[in-house]
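Engineer: Have a look at this one before I ask anything.
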Amino acid sequence: MKLRTSRRSFLASTAALGAFGMMPGLTGASFAQGASVLRLRLDGDLEILDPGYMTGGTEIEAQKQCLPFLAQYATTEDGFSWEPTYYVTRLEQRDATHIDFELREGLVWSGGYGPLTANDVRFSYERMKDSDWSGYFEALDHVEVTGERTGTLVLNAPFAPFIMITLCHGPGAIVCEAAVTEAGGRYTNQFPAVCGPYTMDQEPGQRVTFSPNPDWTGPAPAFDTIQANIISEVRAAELAFDAGELDCTEVSADALARLDADMPEGTSVTVAGELQYMWMGMNTEHPKLQDIRVRRAIQHAIDVDSILAGAYSGTTAKSHGIICPGLIGQRDSTTYYSYDPARARELLAEAGVAGLELTIRTLNTQERMLTAQIIQANLAAVGVTVSVLPLDSGSYWEMGQESAGDTWQDLELWLMRFGTTPDPYEATSWFVSEQVGVWNWERWTSEEFDRLYDEGIAETDPDRRADIYIRMQEIMEETGAYVWINHEPEAFVHRSEIVVNAAPSGELDYRRFERA
Amino acid sequence: MGFYLLKRLGLAFAVICAVVLVLFSLLYLIPGDPATIALGPRASPEAIARYAERMHLDEPIWRQFLIFIGNALTGDLGVDVFSERSVTTIVGERLGFTLALVGLGMGWAMTLGIPLGCLAAVRPNSWLDRVTGVLSVSTIAVPSFLVSIWALLIFAVHLRWLPAIGAGEPGDVVDQLRHLILPAFAIGLSWVGYLARMVRASMLEVMGETYIRSARAFGLAPRRVVFGYALRVAILPTITLIGMGFGGLISSTVFAEIIFARPGIGKLIFDAVMARNFPIVQGGVLVATGLYILVVLISDLLIAWFDPRVRESL
């Protein structure tokens, strides 16, 4: 065959090929237009759906659509609370250690595994005590089955947050005893049986599709089908939303600021919660920071407001402790410091410190790096020279752990952010004495703090719990080892005709989405 | 030829072993305990111990290397420690997407770049040559991730002519092709420049050869002289370049795969490195290396097929 070409024919043919791809008629044809299809983002493949061995996050989202739960989060004017799910007709805390439940009649597992029973609840929760998520079930002694659909969760000691942090959260998912046993006792990326409005189908690396479950007898969700597209980068997801290919996605601080300033028509933003707390930590045992006056001077020298404006575009809430907005015990001011560079200089002079050089370690993300640089400038203004050491997540997350080498001895300053569940208990758990060298990298201990931690767990009166957690944060701040920075929101941009439902910690609950 | 092929296959095996060895060393030189990173900062000691055992992390590194090579020879690339799925299956699921992307990206670059290079060489110093020169250097200089973002913003976000994310509906070839256009454009653009420059330089050299002058003197049509005689010889170094480029693109499509949220080998390896998911990293790199070697081998064989002088020297 002879190749016949000319410049003119070549240019014409390539232009024609390009035009073919860009034909608007062809383009529109593949976009999801169905009124009952909701297009969302997942940040990665679903690896392990077994509640006992999951990595969390996206897997919890999948469980919420396909598995039963006894309780679910509710948002009230005062903050976060819980309510029984559709799966139960009764969920009551009889006393401090007994929670009675009655499952709704007529709910069945897919695959012919029969009805949802109290034995499934017993199996699901008692197996969790030996799982990777056993910490959430330490308080559970056993599940007493009193009837086919009734039973009691018996706790081994009063544990006030059990319903909020365990039953409402991913580990509280109920699995089908028969199906899981048949699967060998545990499973990975496919549910052996579902009991919810959706079934799940995965195309690895591309999307997870939640389709109507033919065996579901409960109320139909607002959207027939959920297309959860795997998009690892949040900024790529934002572009996909802008291109009209997603109906809802998480947004970064930058995008949130842009949307706050200029919200496009037909677009809304929903903030699920602000259950992340970020602070700058100081190693109280490091020779350069052993003097409380030096640590207090650093607390006074840092202008948190400029960090919130410069690194987070004003989209995050200022922090005054580790208890996040909407939770019992949140503080609205600091007790021991405020931004006061003059006082910082006085304290350094009192301590006889001059020419202090420190290193601040941080994850190498954009916002954290900017935060570290602002801190660097703030401390330079009071005569402290700071070097910024960015780290990848691998090195970062073990730098204060004694089990991972000797880096903890060199730690001076660092930026840290933890996420938490909607109860103050978990946030305080990382700072008790036994956590020194594990997650308490500031390396202080307090008998009063440890005692209050135990009291906070057992206390059921909200006002008294609030007092306990406020006092615990005062103790932390008094050590001089913390500069509270912010609480980042879990924010979602979405079409205005959609009402988003998300857990306070950010996991979407597709079955509870509504049409506006 | 048969001996040559055997020699190349032996060399390919040695290269793969070397790559895997370097990979093993690098993975263990990266700071951070693999088990802690993979399972997250709050994993229990029991979970970390189970992970280390499953990954053979408690074995000496030389033994881990031998275990991996031994299994790989039987087609077993191990098991993903999270999903417990076969690595061969996981890599296989992604491989087709990457090959399609690389194939289309390099394909359109060849379709445009080679004729542009020929036309520029046929009319040196003409306006076409000058425009081609400027455009070639420009496209080479712009990073492909930037092209990806611009293309996405213009054609998907602003004009909404083309889809922004994903690989298209399974089974719908037209939809899948449409999802390929922007990423293939992004990764292929710089190769248009490379190929145009390469072909132009080779063609200019060949066009000065005596046999080309003879062909012209015999009155052959200019098109036949260019495409039938000159290009056949001038294309040889370009084939090598295309082979290396094709192989390199297999793992370097990661930016396009992340920006356009497409499944693929590059993104799979990238995510696995971040999660210290060793079996996926090792399996993915092994397959990418094997493909690279295969493509380079094919390009060498093509050159031998085109050029009798090379064939006779084998």
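Engineer: Considering only residues that are touching a residue at least 12 places away in the same chain (Cβ under 8 Å) and acidic (Asp, Glu), look in region B:254-302 and name the one that is surrounded by the fewest Cβ atoms within 10 Å (Cβ to Cβ).
Structural biologist: The extreme case among them is B:ASP300.
Engineer: Residues in region B:95-118: is at least one surrounded by fewer than 16 Cβ atoms within 10 Å (Cβ to Cβ) and farther than 30 Å from B:THR139 by Cα?
Structural biologist: no
Engineer: Anything in region A:123-161 that is at pLDDT below 95 and small (Gly, Ala, Ser)? List them, or say none.
Structural biologist: Within region A:123-161, A:SER131, A:SER134, A:GLY135, A:ALA139, A:ALA157, A:ALA160 qualify.
Engineer: Same structure, new question: For A:PHE449, are the conditions met, namely being aromatic (Phe, Trp, Tyr) and in contact with a helix residue (DSSP H, G or I) (Cβ under 6 Å, 6 or more places away or on another chain)?
Structural biologist: On the way: aromatic (Phe, Trp, Tyr): yes; in contact with a helix residue (DSSP H, G or I) (Cβ under 6 Å, 6 or more places away or on another chain): yes.
Taking the combined requirement at face value, the residue satisfies it.
Engineer: Can you tell which of B:ILE293, B:ILE258 is within 26 Å of B:VAL233 (Cα to Cα), β-branched (Val, Ile, Thr) and in the same structural domain as B:GLY166 (by TED's automatic domain parsing)?
Structural biologist: When all the criteria are applied, what remains is B:ILE293.
Engineer: Additional query: Please determine, by comparing only the residues of region A:222-250 that are more than 13 Å from chain B (Cβ to nearest Cβ) and crowded, with 24+ Cβ neighbours inside 10 Å, which one is nearest to the chain's Cα centre (by Cα).
Structural biologist: Step by step, filter region A:222-250, then rank; the result is A:ILE226.
Engineer: What helices (runs of 4 or more DSSP H) lie completely within region A:350-421 and have 2 or more residues being more than 26 Å from the chain's Cα centre (by Cα)?
Structural biologist: Output list reads A:366-380, A:407-410.
Engineer: Looking only at region A:170-186, how many residues end up being farther than 15 Å from A:LYS129 by Cβ and modelled with pLDDT under 95?
Structural biologist: 3
Engineer: State the number of residues belonging to region B:73-93 that are closer than 27 Å to A:PRO51 by Cα and either modelled with pLDDT of 90 or more or not basic (Lys, Arg) (or both).
Structural biologist: Adding up the residues that qualify gives 14.
Engineer: Still on this model: Confirm whether B:VAL310 is part of a helix (DSSP H, G or I), among the aliphatic types (A, V, I, L, M) and buried (at least 19 other Cβ atoms within 10 Å of the Cβ).
Structural biologist: No, not satisfied.
Engineer: How about region B:107-129: which of its residues are β-branched (Val, Ile, Thr) and over 19 Å from the mean Cα position of the chain (by Cα)?
Structural biologist: B:VAL122
Engineer: Suppose the filter is of a type in the set (Ser, Thr, Tyr) and part of a strand (DSSP E or B); does A:THR152 pass it?
Structural biologist: yes
Engineer: Quick one: which helices (runs of 4 or more DSSP H) lie wholly within region B:119-220 and hold at least 1 residues that are farther than 30 Å from A:GLN227 by Cα?
Structural biologist: Counting at least 1 such residues, we get B:127-141, B:173-207, B:210-217.
The values are calculated or read from the model by the stated rules, or taken from the named source; none is laboratory data. Quantities reported herein were computed from a predicted structural model and do not represent experimental measurements. Every residue, glycine as well, gets a Cβ built from its backbone with ideal geometry; the counts of neighbours run over all protein chains shown.
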